[in-house]
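Notes for the one structure printed next.
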Amino acid sequence: MIRQAIIPLAGHGTRLLPLTSVYAKELLPINGKAGLEYILEECVNAGIKEIIFIISKKKEIIKKYFYNDKFYKMIIKKKKDSRINAEYKKILKYKKMIKFVYQNNPEGTGDAVLKAKKKIKDKYFLMLLPDDLIIKRNCSKDMISIHYKKKCSVMASMRVNKKTVSRWGIYSKKFNINKNNFIINDVIEKPSIKSAPSNNAVIGRYILPKKIFTKLLNQKKGKGGEIHITDAIRKLIHDGEKFIGHNFKGKYLDCGSMKGYIKSSMEISKL
Ligand code: G1P
């Protein structure tokens, strides 16, 4: 069963400065709703029961967002507002599901995942990168059903412009299972255009085996001096672990850059 999800949230969000100098990028509103709530909705609708947030001391505002009961109770007492009531109920529902772990020096996604090691109970878990919104289709739900059928790890994939490969993790395919799924032969973090094995990029949805922690414990820093989850995944693949790449349906929105963030609000407002 895939019951737990982890969400790395300790990043500085420099691509969204100055907004992120005082605020967490994951709480920035996208069409009137905190970006992180879209990710939480995706988790809940995919059947996830527990969500582990990897935050840092600098991002405690995220904890506060879900732990502001006193404030809500005071407002609700004063005002009978059904919208606020409903929002508070939703926050309470999420609060019950969320656990927090800390990554005070953000050293990459691999390092973030390692911080959640003690909390992971089952053989497989889901990871979502909050910068990557996927609308019009629940990508996590689709990946979980592939996992149940094939009993292996699954990662989201999308074709990108060849010129941009050095911004992504890039897959090398072993073979296609069908139109939307393939067996991953290898994955390389942010390769140069010359060395990229394809233009199939990793998008931030992963079903990973608990085994990944044994690789992460010895994982050295990679591209840009960060500990990448991609490098640990690569080691598992080389050991013979089966990973499926899933060309997801739905529309990808990059909320981590200013241009993408602005576009996300416009796209979601059209839904
Ligand atoms: C991360 C991953 C990368 C992946 C990307 C998707 O990169 O390391 O493999 O393609 O997310 O958004 P980042 O956005 O942290 O640079």
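The values are calculated or read from the model by the stated rules, or taken from the named source; none is laboratory data. Since this is a predicted model, take the numbers as computed values, not measurements. Backbone-built Cβ (ideal geometry, glycine too); neighbour counts: all protein chains shown. SASA here: full protein model, heavy atoms, side chains in, ligands and nucleic acids out. Shrake-Rupley method; radii C 1.70, N 1.55, O 1.52, S 1.80 Å.
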**OP:** Would you look at the GNM of the chain, springs on alpha carbons closer than 10 Å, and say which of SER140, SER192, SER157 moves the most?
**Re:** SER192
Original post:
Mind checking which lysines have their C-alpha under 19 Å from LYS58, skipping anything on the same chain fewer than 8 residues away?
Top reply: LYS25, LYS99, LYS115
Subject >> Whole-percent carbon and sulfur share, accessible surface of segment 1-135, 1.4 Å >> reply: 55
Subject >> Relative packing of 198-209, 63-74, 48-59, which averages over residues the other C-beta atoms within 10 Å, highest first >> reply: 198-209, 48-59, 63-74
Subject >> SER153, SER195, reordered so the largest accessible area comes first (probe 1.4 Å) >> reply: SER195, SER153
**OP:** State, to one decimal in nm, how far the label point of ASN178 lies from the label point of ASN247, with both points 7 Å from Cα in the Cβ direction.
**Re:** 1.3
Original post:
How high is the relative contact order of segment 133-271, given as a whole-number percent (alpha carbon pairs under 8 Å, six or more residues apart)?
Top reply: 33
Original post:
Which part of segment 120-153 falls in the paramagnetic zone of ASN45, meaning amide N under 20 Å from the point 7 Å along Cα-to-beta-carbon?
Top reply: 126-148
Original post:
Assuming a viscosity of 1.306 mPa s and a temperature of 10 °C, what translational diffusion coefficient in µm² per second does Stokes-Einstein assign to the chain, Rh being the Kirkwood radius over Cα pairs?
Top reply: 83
Subject >> Mean Cα-pair separation over length for segment 1-158, i.e. relative contact order, pairs under 8 Å, 6 or more apart, % >> reply: 38
Original post:
Over the chain, what relative contact order in percent results from Cα pairs under 8 Å that are six or more residues apart?
Top reply: 24
Original post:
What residues of segment 185-208 lie in the reach of a label at LYS136, counting those whose backbone N is under 17 Å from a point 7 Å from the Cα along Cα→Cβ?
Top reply: none
Subject >> Angle between the chain longest axis and helix 258-269 axis [Cα atoms, degrees, rounded to 10] >> reply: 70
Subject >> Estimated vicinal HN-Hα couplings, Hz - segment 202-213 in sequence order (Karplus 6.51, -1.76, 1.60; Gly, Pro = x) >> reply: 6, 10, x, 9, 9, 9, 10, x, 4, 3, 4, 5
Subject >> Per residue, in Å², the accessible surface of the chain once ligands and nucleic acids are set aside, probe 1.4 Å >> reply: 51
Subject >> Contour minus Cα-Cα distance for GLU87 and ASP122 (0.36 nm per residue) >> reply: 9.5 nm
**OP:** Show the residues, 5+ positions off or on another chain, whose built amide H is closer than 5 Å to the amide H of SER56.
**Re:** GLN103
Original post:
Roughly how tilted is helix 139-150, in degrees to the nearest 10 and between 0 and 90, from the longest Cα axis of the chain?
Top reply: 50
Original post:
What's the angle, to the nearest 10 degrees (0 to 90), between helix 69-78's Cα axis and the longest principal axis of the chain?
Top reply: 40
